[in-house]
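The values are calculated or read from the model by the stated rules, or taken from the named source; none is laboratory data. All figures in this text were calculated on a predicted structure; none of them were measured in a lab. Every residue, glycine as well, gets a Cβ built from its backbone with ideal geometry; the counts of neighbours run over all protein chains shown. In case anyone asks, the SASA skips ligands and DNA or RNA and just uses the protein heavy atoms, side chains included. Shrake-Rupley method; radii C 1.70, N 1.55, O 1.52, S 1.80 Å.
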Amino acid sequence: DTPEDSMTEKEVSDRKATIVLDYIIQASDIAHTMQHWEVYTRWNKRLFREMYKAFMSGESDEDPRQGWYKGEMGFFDFYVIPLATKLWECGVFGVCGDEYLNYARENRRLWEEQGEQVVAAMLEECEREYPAQPQSPFTLS
């Protein structure tokens, strides 16, 4: 027996709707990963820059230079593509679900091919813009 066996048809329908809404909310936060390569890389660069600036100013302990390329690969493999697959399977976006899944897969493929160069270019740009060394907020001046 599954929990659905003891539920009414409406309860099952409501549960499914809740799950689909959860998928949509998750996707809204990472929608750039399921769009054209140019859109994905533009937002990826913005996030990298934001995290780099925070690290260099001492506002964050996370250095985006460490593992950004591999982190994106894992993000696609273990979060983005599985989520895009769930959205496609539930059919909530119709034919657009195919597009989202295809863009996620293509962006993952392009990231594997070009991601290291993209990270190098982002880092070069950030180092020009934020040349200061990281400072701990706990360091006395």
#### Entry: Mean ellipticity per residue at 222 nm, deg cm²/dmol - from DSSP H runs of n ≥ 4 across the chain, formula -39500 (n - 2.57)
-22500 deg cm²/dmol
### Message
Can you work out the Karplus-derived ³J(HN,Hα) for every residue in the stretch 79-88? Use 6.51 cos²θ - 1.76 cosθ + 1.60 with θ = phi - 60°, whole Hz, and x for glycine or proline.
### Response
10, 5, 5, x, 5, 4, 5, 4, 5, 5
### Query
Once the whole set of protein chains is in place, how much accessible area is left on S6, using a 1.4 Å probe, in Å² to the nearest 10?
100
#### Entry: D63-Q114 FRET efficiency (beta carbon distance; Förster radius 30 Å; 0.05 resolution)
0.85
### Message
Taking the solvent-accessible surface of protein heavy atoms with a 1.4 Å probe, what is the per residue accessible area of the chain in Å²?
### Response
68
### Message
Given 10 °C and 1.306 mPa s, compute D for the chain with the Stokes-Einstein relation, Rh being the Kirkwood radius over Cα pairs; round to the nearest whole µm²/s.
### Response
91
### Query
If you roll a 1.4 Å probe over the chain with all protein chains in place, what percent of the accessible area is carbon or sulfur?
54
### Message
At 1.4 Å probe size, what's the solvent-accessible area of I30? Round to the nearest 10 Å².
### Response
10
### Message
In whole Hz and in residue order, list the ³J(HN,Hα) couplings for the stretch 20-29 that follow from phi through the Karplus curve 6.51 cos²θ - 1.76 cosθ + 1.60, θ = phi - 60°; x for Gly and Pro.
### Response
5, 4, 4, 4, 5, 4, 4, 5, 4, 6
### Summary
Zone reached by a paramagnetic label modelled 7 Å from A121 Cα along Cα→Cβ, restricted to the stretch 38-72 with backbone N below 13 Å, covers 38-46
### Task
Starting from the Cα of K45, draw a straight line to each of the lysines and keep only those under 29 Å, dropping any in the same chain fewer than 8 residues away.
K53, K70, K86
### Query
How big is the charge dipole of the chain about its Cα centre, in debye rounded to the nearest 20, if each Lys and Arg gets +1 on its Cβ and each Asp and Glu gets -1 on its Cβ?
420
### Query
What residue among P64, A120, M7 has its Cα farthest toward the positive end of the dipole of the chain, where the charges are +1 on Lys, Arg and -1 on Asp, Glu, each on the Cβ?
A120
